[in-house]
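What follows is a single structure, written as structure tokens, with notes after it.
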Amino acid sequence: MTPSRRSVLAGGVAAALSSSAQGAGKVSNAATFSLNFAPHEGSFASRGNRLEQIAFAADQGFRGWEDNEARGRSIDEQNAMARALQQRGMTMGVFVASMPKWSEFRPAFGSDDGAEREAFLADIRASVEVAKRLNAKHMTVVTGFVDHKVPMDIQTGRIIDLMRRAGDILAPHGLVAVMEPLNTRTDHPNVYMQSWAAGYAVARGVDSPAIKILTDCYHEQIQSGNLIRSFGMVWDEMGYIQFGDNPGRKEPGTGEVNYHNIVRFLRTRRYGGVIGMEHGNSQPGRAGEERLIAAYRAIDAA
């Protein structure tokens, strides 16, 4: 009987866990991952504070780092994180440039009131200096929530115009805002941008190297599925990738997404950017951290 994808992946994780267990308690000299997988604060919470987690991640061979909350941190904290990443040869991934008010379902960038659009552009301007301090190229933006009083085509036009203005701010600095489509079925009801296809339409309308799509596999799997074909269709407007399995939004191998095949596809496209590990750990504590590392070893070997 041909083994299932899940059993093959489980076997790879088990082998990697066994190997890591043999070296427990030692500083790792693990091989560097071939792709720029980027954990975040909390991925290795048992290892200490943010800077200690960065050091641990580097010792395990990770080449990137994400920090959604970086814009809200003090300048000293931003500088310290940037130094830690530079010293370990790690690439800074995304931070959130303008945080939505999730519980209030705001902002609504397509509404008749332009105040939230102007506030968003102010956040983009402020994020330029944050990106420079962090040595980051990409920043995440959410295109807001739907205003049901305004026709959707009008909202789309206004959001394209807003993103074009944001691109005009970022382009001279070589920075990129990546728009994140979010699922409405599980996590984010009433958001405007609900699929990679919708992101593609806005990005094509904006027509700027500074405005691209953040292709988060967790959200797209819930909303649309068909991930590899979807990657191919939006590739020209894709600026950044995030992984997370579904259901549960945990590490690869805990759900239904075939990350082995996604990694193979990304290799055929010679993707060299950061891949954010935008998910939690399926198990608590150090056992969960070891399982996380093993899961990425397994798909990196694809």
Suppose we filter the range 77-95 for residues that are small (Gly, Ala, Ser) and touching a helix residue (DSSP H, G or I) at 6+ places or on another chain (Cβ under 6 Å); how many remain?
2
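Limited to the range 167-176, what total is found for residues that are touching a His at 6+ places or on another chain (Cβ under 8 Å) and either of a type outside the set (Val, Ile, Thr) or modelled with pLDDT under 95 (or both)? Quick ask: steps written out before the conclusion?
Taking the range 167-176 as the starting set, the residues that turn out to be touching a His at 6+ places or on another chain (Cβ under 8 Å) are 175-176.
Still in the running and either of a type outside the set (Val, Ile, Thr) or modelled with pLDDT under 95 (or both): 175.
Matching residues across the range 167-176 total 1.
In the range 185-237, which residues are part of a strand (DSSP E or B) and among the aliphatic types (A, V, I, L, M)? First the steps, then the outcome.
First, pick out the residues of the range 185-237 that are part of a strand (DSSP E or B): 191, 211-216.
Val191, Ile211, Ile213, Leu214 - these are the residues of the range 185-237 that are part of a strand (DSSP E or B) and among the aliphatic types (A, V, I, L, M).
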Does Gly239 count as crowded, with 17+ Cβ neighbours inside 10 Å, touching a residue at least 60 places away in the same chain (Cβ under 8 Å), under 26 Å from Ala203 (Cα atoms) and small (Gly, Ala, Ser)?
yes
In this structure, is Ser98 touching a Pro at 6+ places or on another chain (Cβ under 9 Å), of a type outside the set (Phe, Trp, Tyr) and within 25 Å of Pro189 (Cα to Cα)?
yes
Members of the range 128-138 found to be under 21 Å from Ala38 (Cα atoms), out of contact with any Lys or Arg (no Cβ under 6 Å at 6 or more places or on another chain) and in a helix (DSSP H, G or I), listed by number:
Ala131, Lys132, Arg133, Leu134
Complete set of residues in the range 138-173 that are in contact (Cβ under 8 Å) with a residue 12 or more places away in the chain and of a type in the set (D, E, K, R)
Asp147, Lys149, Arg158, Arg164, Arg165, Asp168
Per-region count, the range 31-68, residues part of a loop (DSSP other than H, G, I, E, B), touching an Asp or Glu at 6+ places or on another chain (Cβ under 8 Å) and surrounded by fewer than 16 Cβ atoms within 10 Å (Cβ to Cβ)
1
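The values are calculated or read from the model by the stated rules, or taken from the named source; none is laboratory data. None of these values were measured; they are calculated from a predicted model. Neighbour counts are summed over all protein chains in view; Cβ atoms, including those assigned to glycine, are modelled from backbone coordinates with ideal geometry.
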